[in-house]
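Below is one structure, written out as structure tokens; the observations come after it.
Values in this text are rule-based calculations from the coordinates and carry no lab data. Keep in mind it's a predicted model, so treat the numbers as computed, not measured. All Cβ positions, even for glycine, are placed from backbone atoms using ideal geometry, and neighbour counts span all protein chains on display.
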Amino acid sequence: MAEHDESGLEAVEQGPLTADAREPRNVASTGDPSDHPSVAALLDRFGDAVLRHRVNAGDQWVVWIDPSRSREILGWLKDDSEHVYDMMSDVTGVDYGRGRPVEVVYQMFSTRHKRALRIRCPLPLDALEIDTICDLWQSANWLEREVFDLFGVTFRGHPDHRRILMPDDYAEGHPLRKDFPLRGRLSRAEQTRRALAQEVERYYLADDLGHGVPQEVQAKLASQARPDARPDEGGT
Amino acid sequence: MSTKTVEFSLSGSREMGPDGIARSPLAPFDIPEPKIDTERMLINIGPQHPATHGVLRLVCELDGETIVKVVPHIGYLHSSFEKLGEYRTWNQIVTLTDRMDYLAPLIYNCAYVMSVEKLMGIEVTERCKVVRVILMELDRIFGHLLWLGTTAIDVGAFTPFLYSFQEREKIYQLHEALTGARITTSATRVGGMMADLPTGWLDGLLDFLDGFPKTLDEVDRLLTGNQIHIGRTQGVGAISGEEAINCGLTGPNLRASGVPYDVRKDRPYYDYETYDFTVPIGEHGDCYDRYLCRMQEMRESVGILHQAMARLPDGPINVADPKISLPSKTDAMSDMESMIHHFKLITHGIPAPEGDCYYAVEGSKGELGMYVVAEEGDAKPVRWRIRPPSFVNLSTIARLAEGHMVSDLIMINASLDIVLGEIDR
């Protein structure tokens, strides 16, 4: 990348791309694990499950771990008296697109030690499953439901595994995935047609109280051929 | 039950049953005792109901008037801000943030750009820091006042509603003087503010700060010792500190349970450690303690505002780096270099380094986190995530309301101080 242009005129000719874009200040580093007791302990105890670690944005520690052992590791971080991450601030997902794994991100904070830690679990696209942690932290209940709703990650053992922001019978997939077009998979006409065809009465039935999607909706969803549900699949 | 006339005679009316118990004179006619219907009732509250403070829908299973189960349904206001953000440059996202919590928009504006600046390693100017502290504390009062008014009206107190909305109107005017908008403020930019404080704005703020504590005292007199208010709030929706942490409660809802967790104290940003204020702590974790915490927090915010105004330094509000801040309009029109920077910033945006950043601030509702993920040179986020305090707080409502009456559910919902724009995003 060129140094800052003397005249600046060249930049105009080169167009609005990265020609004279500011060199991003690299505020990330691999860091020294001994700076963060929990990272050091994780490396020590779960060395084979820690994929990598990094310091982002100056002072924020991020540890990538093996998703198949996430529950064990997160549970240990919660219960071990040296760490006590009693607050699960956030559970969310990140999809980079282009076939890269979807990552589940846990933001943890220890109110006793005043320490924050971010754990990321990369999930390959053909195995979007991870163990639930909502029996360890109740705050994860809705947050995991949201990750399921918007990213399509299944949380094994979640007691109330259904969509939360989108309707239960939403047929267009998981909106925050990069392959989901901004306007949705269905055409506006089809979306309108489906909205008008909805049985509004169904939303006021007693089975709303039961966990999970009602049986008849499940059957309806299962029988619905997916290909016809995406007639105008576009890019991102 | 059909009515039957019974021929009644005194003699022989006390017929003994085989077990020696006197039988009612009706017994020979085999009329069953009236059964108490134990069938549970299903009540739907919302999504269009004023007491849900937005488009929240609560389906309640009732045993008599006691709540057995509450199932909240959300998503009616879902606009997928996070998805929209992936199609916008860093600065364009600012307008989305105030539409989430329209009750305290400036906190959201500030929190978002703070996370982006942290990701990019941008250090804002001293003046900008203090201005943002002022705006965030002002909007904490702004958010709490709406909570105060609407909560009071939910339990039948109309006057505090009028008082608090009169005060809110003054903050609206301050918003308008600063940004031109009353709710959709969009006041911040990466590396600074949309504009510096206008002349005389601080006088307006002082004016507000002069009158506001008096109004607060009046509301205090109306509610704090009010027997009806106490009866409706004390012991209702209580949660222990440990459980509150586990449930992810933050902000006044958590502090009411006796946990002194405040992002401003525990993970200080913008020199909050140098401001002199206390974090009010509750004891019982019920609706009344949440009320007390918020009332006291508003007073503390007034104190912080006075301190911030006293220390507000002169100097530039935006960082000097022309690759981050827009040049002045005059420069962009007359100076070639500035014009190019202007063009580049508008057409391309600010490139970010690879990485992610989670930045938490103490919002009016609780811990407001902004999580941004970028790849090398990205002018748009790969992922922009809001850690929504109301969303997590609301997820406890089933736990808080079960076993209480329906009318308590309304109070509990109000005491959590939710805003659906941010829950549904």
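What to note about this one:
- Here the translational diffusion coefficient of segment B:302-377 follows from Stokes-Einstein with Rh set to the Kirkwood radius across Cα pairs; for 25 °C and 0.890 mPa s it amounts to 155 µm²/s.
- Sites matching chymotrypsin sites (Phe, Trp or Tyr not before Pro) across segment A:92-180 that sit in DSSP coil, with at most 16 neighbouring C-beta atoms within 10 Å: A:TYR96, A:TYR170
- Surface/4 estimate of mean projected area, convex hull on alpha-carbon atoms of chain B, nm²: 28.1
- Simple spin-label estimate for B:ASP331 and B:THR95 in nanometres, 7 Å along Cα-Cβ: 2.4
- Local electrostatic count, B:MET405, Cβ distance below 12 Å [Lys/Arg +1, Asp/Glu -1]: -3
- Charge dipole (Cα centre; +1 on Lys/Arg Cβ, -1 on Asp/Glu Cβ; no other charges) of chain B amounts to roughly 580 debye.
- Sorted by Cβ neighbour density within 10 Å, fewest at the top, the residues B:GLU61, B:GLU402: B:GLU402, B:GLU61
- Taking the Cα centre of segment B:85-153 as origin and assigning +1 to Lys and Arg Cβ atoms and -1 to Asp and Glu Cβ atoms, the resulting dipole is close to 40 debye.
- Among the residues of A:106-113, the average count of other protein chain beta-carbon atoms within 10 Å of the residue beta-carbon is 3.
- Reachable lysines from B:LYS214, criterion Cα separation under 25 angstrom, eight or more residues apart if same chain: B:LYS170, B:LYS365
- Positive dipole terminus of chain B, leading residue within B:THR97, B:THR250, B:VAL263 (C-beta point charges): B:THR97
- Positive-pole candidate from A:VAL105, A:ALA127, A:LEU117, dipole of segment A:52-152, charges at beta carbon: A:LEU117
- 10 Å Cβ neighbours from other chains, averaged over peptide A:138-146: 6
- Helix screen, chain B: DSSP H segments with Cα axial length of 24 Å or more and mean Kyte-Doolittle hydropathy at least -0.5 are B:126-154, B:201-223, B:287-311.
- Gyration tensor (alpha-carbon) shape descriptor, segment A:12-165, a/c threshold 1.5: oblate
- Working from label points 7 Å from Cα in the Cα-to-Cβ sense, the B:LEU162 to A:ALA197 distance is 5.4 nm.
- The label-point distance for B:ALA195 and B:ILE346, in a model that sets each label 7 Å from Cα toward Cβ, rounds to 1.8 nm.
- 222 nm mean residue ellipticity, helices alone, for chain B (DSSP H n ≥ 4; -39,500 (n - 2.57); rounded to 500): -13500 deg cm²/dmol
- Counts of other chain beta carbons within 10 angstrom of each beta carbon in peptide A:94-101 average 2.
- Ranked by the mean number of other Cβ atoms within 10 Å of their residues, highest first, the peptides A:67-80, B:93-106 come out as B:93-106, A:67-80.
- The ranking of B:SER164, A:SER110 by Cβ neighbour count inside 10 Å, starting from the fewest, reads A:SER110, B:SER164.
- Listed by chain and number, the lysines whose alpha-carbon sits under 18 Å from that of B:LYS118, ignoring those within fewer than 8 places in the same chain, are B:LYS129, B:LYS323, B:LYS380.
- Segment A:12-165, dipole about Cα centre (Lys/Arg Cβ +1, Asp/Glu Cβ -1), debye to the nearest 20: 120
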